[in-house]
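No lab work stands behind these numbers, since they all come straight from the coordinates. All values derive from a computational prediction rather than experimental measurement. Here the Cβ positions follow ideal geometry from the backbone for every residue, glycine too, while neighbour counts run over all protein chains shown.
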Amino acid sequence: MKAADVMTSPIVAVRTDATLSQAVRLMVDNRISGLPVLDEAGHLAGILTEGDLLRRAETETAASRVGWFGVFFAPGRLAGEYVQTHSRRVQDVMTQEVVTVVEDTPVAEITEMMRNRRIKRLPVLRDDAVIGIVSRSDMLRVLLQKLDVPAPTASDAEIRDQVLKELAAQPWAPRRSLSIAVTDGVVEIDGVVFDVREHDAVRVLAENVPGVRSVENRVVCVEPNTGTLIIDPDEERASGGRTV
């Protein structure tokens, strides 16, 4: 899956010479948290986001916490902050350095960029033109589509084979200490693990195999150094929850 498959298009954008009032009105009316900013030629010049508008004189949130040291040694920075918090021109307030992608950028790469750079949206370029934008909400829509796909049916033998295949593919999976059985779509897992996270991961892995109706996780979790029982499936079922 690529950027072109998930992006929102056409975009809602604003010009560099627009007023801040016009830009904010677009954001509010369209229920979006960021706007690409285009120059006179229609090329990307920046992006205006909610983050750029958090500190504003109008909302009495523009106060700078710079002490005497900043007053004497950072007047330029203070001047820049003043423009950011008081200007009513989009071109003064927008973020000029914009991270972009192209139509063929893989979705996996997009999500990593969002996580690593802590950004919420990426304009999609074709040559120098902005043809779309990928936001976190676009990624959520894709996720919902995948989650809503009806689960296919499978025989017990097919389910067991797939569970074993998935376990073999995971570097964390304690394959040799587990026993897998499937009856009428119910996966029964027995065995021993030495980490609570492995106990939960085994269950999640089985739940995601096509055709699985439910999972009975009877795996015992033991502290490896002392042999202390961390999770006892029998007590867990009796109490209606995990026993730690």
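Relative to the compact-globule estimate of 2.2 N^0.38 Å, the Cα radius of gyration of the stretch 88-150 comes out at 1.31. For the stretch 3-146, the alpha-carbon radius of gyration amounts to 1.16 times the rule-of-thumb value 2.2 N^0.38 Å expected for a compact globular protein. Rounded to the nearest whole Hz, the Karplus-based 3J(HN,Hα) values (6.51 cos²θ - 1.76 cosθ + 1.60, θ = phi - 60°) of the stretch 184-193 follow the sequence 6, x, 9, 8, 10, 10, 10, x, 9, 10, with x at glycine and proline.
Could you tell me what % of all Cα pairs in the chain have separations over 28 Å? Mind dumping the intermediate values first?
Details: 16856 of 29646 pairs.
So the pairs more than 28 Å apart make up 57 percent of the total in the chain.
If you take all other residues with their beta carbon under 9 Å from the beta carbon of Ile189, and give Lys and Arg +1 and Asp and Glu -1, the sum is -1.
Note on Lys120: lysines with a C-alpha under 26 Å away, same-chain residues under 8 apart excluded, are Lys2, Lys146. Only the Cβ atoms of Lys and Arg (+1) and of Asp and Glu (-1) were treated as charged; on that basis the dipole of the chain about its Cα centre amounts to roughly 800 debye.
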